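J.: Once you've had a glance at the structure underneath, I'll fire off some questions.
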Amino acid sequence: MPLDARLKSEFASLWRDAAELWDRHEADAAFEGYVGSDFTAALAVLESYQDRAATFLEWGSGLGVVTIMAARMGFEACGIEVEPELVEWSEWLADKYQADARFACGSFIPDDFTPDPRVGDEFFRTATDSPAGYDQLDRELADFDLVYAYPWPDEHRLFGSIMRRRGGRRSVLIRYDNREGITVRRCGMAKRRQR
């Protein structure tokens, strides 16, 4: 079902607010690793799953823009972000846009996940020294139908490995890459979406 004009307008305003926050705070320590995603591409994927999925999780949710969009579209939406200041801004934006989104401050890496370097599980820039945020959400990774992530370039394989080993049987990993666009993967079978 296509989005109505009012919601599209709200999202355009949300994207502007996120860009303004970035412009005002880019020198702050909490914003050091923040990289905004392609919100238009994320929105297109969310629209395609609107009648086929109920729960949504954003890994490294930053300012929470994609999580807020998912919540406004009717998903039960959550985000996990390691930077407390970004979580506070996410909650502020969610309140401003009347989105029933929940945010946890912590790592999106499940506490019981052990990387296997033999299959390419290596952390390059993702923070690994914080406890997982799932307990704050009273959820496990396997509880989410859709998981959205914007991995660092060398961590795509790692993110896939986390999902294969800790995601639900029907969970879908939606990965954004600024060169390749969106990749959607379920149970190890990938298909590419054109932007």
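J.: Using the Cα centre of the chain as the reference point, and only Cβ charges (+1 on K/R, -1 on D/E), how large is the resulting charge dipole? Debye, rounded to the nearest 20.
T.: 1260
J.: Given R₀ = 41 Å, what would the calculated FRET efficiency be for residue 129 paired with residue 51, taking r from the Cβ atoms and rounding to 0.05?
T.: 0.55
J.: Which far-off residues, 5 or more places away or on another chain, put their amide H under 5 Å from the one on residue 172, with H placed in the peptide plane?
T.: Close amide H contacts, sequence-distant or interchain: 146, 147.
J.: Also, I was wondering about something else. List every residue whose amide H lies under 5 Å from the amide H of residue 107, counting only residues 5 or more places away in sequence or on a different chain, with H placed 1.01 Å from N in the peptide plane.
T.: Answer set, sorted by chain and number: 132, 133.
J.: With springs connecting C-alpha atoms under 10 Å apart, model the chain as a Gaussian network and identify which of 27, 149, 19 has the largest mean-square fluctuation.
T.: Comparing 27, 149, 19 in the GNM, the peak value goes to 27.
J.: Another question about this same structure. For the range 26-39, in order, what is each residue's ³J(HN,Hα) by Karplus, 6.51 cos²θ - 1.76 cosθ + 1.60 with θ = phi - 60°, in whole Hz (x at glycine and Pro)?
T.: Values per residue, Gly and Pro as x: 4, 7, 5, 4, 5, 8, 3, x, 6, 9, x, 7, 8, 5 Hz.
J.: Give the relative contact order (percent, whole number) for the chain; include only Cα pairs under 8 Å separated by 6+ residues.
T.: The normalised contact order for the chain reaches 17 percent.
J.: Work out the charge dipole of the range 5-192 with +1 on the Cβ of Lys and Arg and -1 on the Cβ of Asp and Glu about the Cα centre, then indicate which of 45, 25, 109 is farthest towards its positive end.
T.: Value: 45.
J.: Work out the charge dipole of the chain with +1 on the Cβ of Lys and Arg and -1 on the Cβ of Asp and Glu about the Cα centre, then indicate which of 150, 132, 54 is farthest towards its positive end.
T.: Of 150, 132, 54, it is 54.
J.: May I pose another question? Could you tell me which of 5, 70, 80 has its Cα farthest along the dipole of the range 1-80 towards the positive end, charges placed at Cβ (Lys, Arg +1; Asp, Glu -1), taken about the Cα centre?
T.: Ranked along the dipole, the leading option is 5.
J.: Whole-Hz ³J(HN,Hα) for each residue in the range 164-181, computed from phi via Karplus 6.51 cos²θ - 1.76 cosθ + 1.60 with θ = phi - 60°, x for glycine and proline: what do you get?
T.: The phi angles translate into 4, 8, 10, x, x, 4, 10, 5, 10, 9, 10, 10, 9, 9, 5, 9, 9, x Hz.
J.: Can I ask one more? Taking the Cα-to-Cβ direction at residue 165 and at residue 91 and moving 7 Å from each Cα, how far apart do the two end points lie in nm?
T.: So the two model labels end up 3.2 nm from each other.
J.: Each residue of the range 64-77 in order: what ³J(HN,Hα) in whole Hz does its phi give by Karplus 6.51 cos²θ - 1.76 cosθ + 1.60, θ = phi - 60°, with x for Gly and Pro?
T.: For the range 64-77, the Karplus curve yields x, 4, 5, 4, 5, 4, 4, 4, 5, 8, x, 6, 7, 10 Hz.
J.: A further question on this structure: Which three semi-axes in whole Å describe the equivalent ellipsoid of the range 5-192, each the square root of 5 times a Cα gyration tensor eigenvalue, listed largest first?
T.: Working through the eigenvalues yields semi-axes of 24, 19, 16 Å.
J.: To continue, here is another question. Placing unit charges on C-beta atoms (Lys and Arg positive, Asp and Glu negative, everything else neutral), compute the dipole magnitude of the range 64-151 about its Cα centre in debye, rounded to 20.
T.: For this selection, approximately 360 debye.
Read-outs: derived from the displayed coordinates by stated rules, not from any lab. Note that the structure is predicted; figures quoted are calculated from it, not measured. Here Cβ is always computed from backbone atoms with ideal geometry, including for glycine, and neighbour counts include all displayed protein chains.
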